[in-house]
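Inspection log for the structure reproduced underneath, given as C-alpha cells.
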C-alpha cells in the first residue's frame, strides 16, 4: 500500500500501510510493548519475590534459575528490573501527562487568542525553558525531599513549556486553513474549534513529542534515582540498582549491566517509535532527496 | 539585529531574576532552621535566637531577598552552614574541576559529532549513513552515568589505563589531573555527540538540497570543499542552537558524572550540601549554574551573527 502515499497522505489505510513498512516504527513499537508488558506482568507475577532477602543466594551470577543473577541481598535482578519498569513508566507517563495536560491547553489558548496573551504566555514559556531542567529537578527533589512523587513533579513541570510550544506552533499552522474558516462561518466558537478541529489535527505532533518526552523522562528518573533523589528503596528502580551495583562492580559486573540495558532499550524503543510516527504522518519531511 | 540581541539580553536578565526569586522562595519553605542546624541540637533557644538575628533571618522576606540578591551580584554568597567558610571559597575550589571537565566534554563532543554528521550527510541513504545513525540512535538513548560505569569497568578495572575515580588536584601536575578527567569527559561527551551528530546531519541534508550547492558542484568545486565551505557553514545555526541547549545538559550531567567518579567538583559539593542540609551552598551553586546556562545561550545568540552575516544587517 505504500504506493498510495503521496496522493492521499492521511487516510487511515495509507497511514496503516506506511506504519507496516516503517522499520523505526515497527522496532520501536515492539520494544515499547515488550517493556510495557514486562511492567504489567510484574503486577501479578515476577520470577522471584523481591521483598524477600535470601542472603545465601547473594550475588549469584546469571544462571538458569536467575537469568540476570542476584544482587547483594540475594534478590533476583530480573524480577527487580520488571518492577523497575513499572516504576520508570509510571514516573515518565505522569510527567508527560502533566506536561500535556497543562502545556497543550496553554499553547492552544495562546494560538487562538494571539495578541498580548500569546506574547505573555510565550515569554513565560521562554523563562521556564531557560532553566536547566535536570539541574532544577535535582534542586526540587533536594529541597522537598527525595521521592518518586517529587521526581514526577520536577520532571513534569519542565514538560509544560515543551508541549505548550509544540501545541502553539501546530495550532498556528492549522488556524488559517479553509475548514477552520468554514467552521467559524458555521458559528462555532474558538474553544469549540480548538477541541473539535485543532487538537485532532495536531495530535500526531503531540504524540511524537510525547514519545520524546517520555524517553527523556525515563532518563531523568533514572538519573535522579541514581543520585538518590528519585524512587526510594526498597522499591526497585533502574537508577537505584545502578547505584547499588557501582560499589560491587568488580565482583558482580552483571548487576551494572542489566539495569543499564533496560534503560537503554526502553529509551531507544521510544525514540524509534517517535521517529516512526513522525515519518508515518509526514513522509515527505524525512524522505527528501 | 540590535533589537533582537537586546530582546535576548532582556529575556536572559528576566530569567535570572525569576530564577533567583524561585530559588530563594524554595529554600524559604524548606523545613528546618539554619541557625538551629549550625548550632546543633544542644543549643538553647536564646543562642539560636541570637544567631538568627546575626544571620539576618528575622528580617522581613523582601529585605532578605534583596540582601541575598545583592550578595549574588558581588559574588558574595554568604557562609556555608556546615563548613563556616564563605561559599565562594568552596565554589572556587570545586570550579577548577567542574569547569575544565565541562569544557573538555563540550570540545570532545563537537570534535566527534561534526565529522560524523558530515560523513553521514555526504552518504545519506547509503550504508555508512545508516550505520552511523544507528550508532547515534543508541548513543542518544544511553544514560551517561551508566556509560560512565561501563567505561570504568573496561578502562580502569580491566585495562588499568586510567584511575577509576578521584582527582589528584592540579597541584599534582597537569598530566595526572587530565588523566583523571579523561573517562568522565568521554562519558559526558559521547551521548551528547550522538545528539549533535544527528542534528548536524539533518541540517546538512537540508542545506545540500539548496541551489547554491548545485551551483558550487556545477562549477567544479570538489565535494569535500563544498561540504566544509558552503554546506557546514549554512548548517551551523541549528547546530549552534543545540550546542547551547546541550550546555545545560552538560552541566547537569557533570553533577551526576562527578558522583560516579568521586570527582571533587561542584556536583559533589551540591550533593554533600544536600545531605547536610547546607542549603545556602545548594542555592548558590544552582544560581551559578543557571547563570552559566543563560550566559552561554546569550553567547549562542551572538554567535549566530558571526556565522551568518545576513543577520547582522537585518532590521
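Read-outs throughout are calculated quantities, based only on the coordinates presented, and are distinct from any laboratory measurement. Since we're looking at a predicted model, the values are computed, not measured. Cβ sites come from the backbone with ideal geometry, for glycine too, and all protein chains shown count toward neighbours.
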| field | In nm, spacing of pseudo-spin labels at residue A:45 and residue B:54 (7 Å Cα→C-beta vector) | value | 6.6 nm
| Mean separation of Cα contacts under 8 Å (6+ apart) over length of chain A, as relative contact order % | 26 percent
| request: Would you mind pulling out the separation of the Cα centroids of the stretch A:186-252 and the stretch B:174-197, in Å? | output: 26 Å
| query | By how many degrees, 0 to 90 and rounded to 10, does the Cα axis of helix B:232-261 deviate from the longest principal axis of chain B? | reply | 40 degrees
| Spin-label pair residue B:302/residue B:99, simplified geometry with 7 Å Cα→Cβ offset, distance in nm | 1.6 nm
| the stretch B:53-196, relative contact order [Cα under 8 Å, separation at least 6], % | 26 percent
| task | Before rounding to the nearest 500, sum -39500 (n - 2.57) across all DSSP H runs of length at least 4 in the protein assembly as shown and divide by the residue total; then give [θ] at 222 nm in deg cm²/dmol. | result | -24500 deg cm²/dmol
| Average partner coverage of B:144-155, which counts Cβ from other chains inside 10 Å | 5
| request: Enter the Cα centre distance for the pair the stretch A:119-135 and the stretch B:50-93, rounded to the nearest angstrom. | output: 27 Å
| Between residue A:16 and residue A:36, what is the FRET efficiency for a Förster distance of 25 Å, r being their Cβ-Cβ separation, to the nearest 0.05? | 0.75
| query | If r is the Cβ-Cβ distance from residue B:127 to residue A:282 and R0 is 22 Å, what FRET efficiency results, to the nearest 0.05? | reply | 0.30
| task | Could you work out, residue by residue across A:139-151, how many beta carbons of other chains sit within 10 Å of that residue's beta carbon, and then give the average as an integer? | result | 4
| Normalized C-alpha radius of gyration of chain A, against 2.2 N^0.38 Å? | 1.17
| Of the listed peptides A:223-229, A:32-38, what is their order by residue-averaged count of other C-beta atoms within 10 Å, with the highest listed first? | A:223-229, A:32-38
| query | Which whole-number percentage describes the relative contact order of chain B, with Cα contacts under 8 Å and a sequence gap of 6 or more? | reply | 26 percent
| said: Quick check on chain B: take the gyration tensor over C-alpha atoms, sort the square-rooted eigenvalues as a ≥ b ≥ c, and tell me if it's rounded (a/c under 1.5), prolate or oblate. | reply: oblate
| Which order, highest average first, do A:173-184, A:157-168 follow once you tally other Cβ atoms within 10 Å for each residue and take the mean per peptide? | A:157-168, A:173-184
| remark: Computed on Cα atoms, Rg of the protein assembly as shown relative to 2.2 N^0.38 Å comes out at 1.03
| task | Can you tell me the 0 to 90 degree angle between the C-alpha axis of helix A:238-247 and the longest principal axis of chain A, rounded to 10? | result | 40 degrees
| task | With a 10 Å radius around each residue's Cβ, average the other Cβ atoms per peptide and rank A:267-276, A:144-153, A:240-249, A:108-117, highest first. | result | A:267-276, A:240-249, A:144-153, A:108-117
| query | Counting only other chains, what is the mean number of Cβ atoms within 10 angstrom of the Cβ of each residue in peptide B:204-211? | reply | 1
| said: How much of the pair distance distribution for the stretch A:240-281 lies past 15 Å, counting alpha-carbon pairs only, in percent? | reply: 53 percent
| query | Taking Cα atoms of the stretch B:161-285, Rg/Rh with Kirkwood Rh, to two decimals? | reply | 1.19
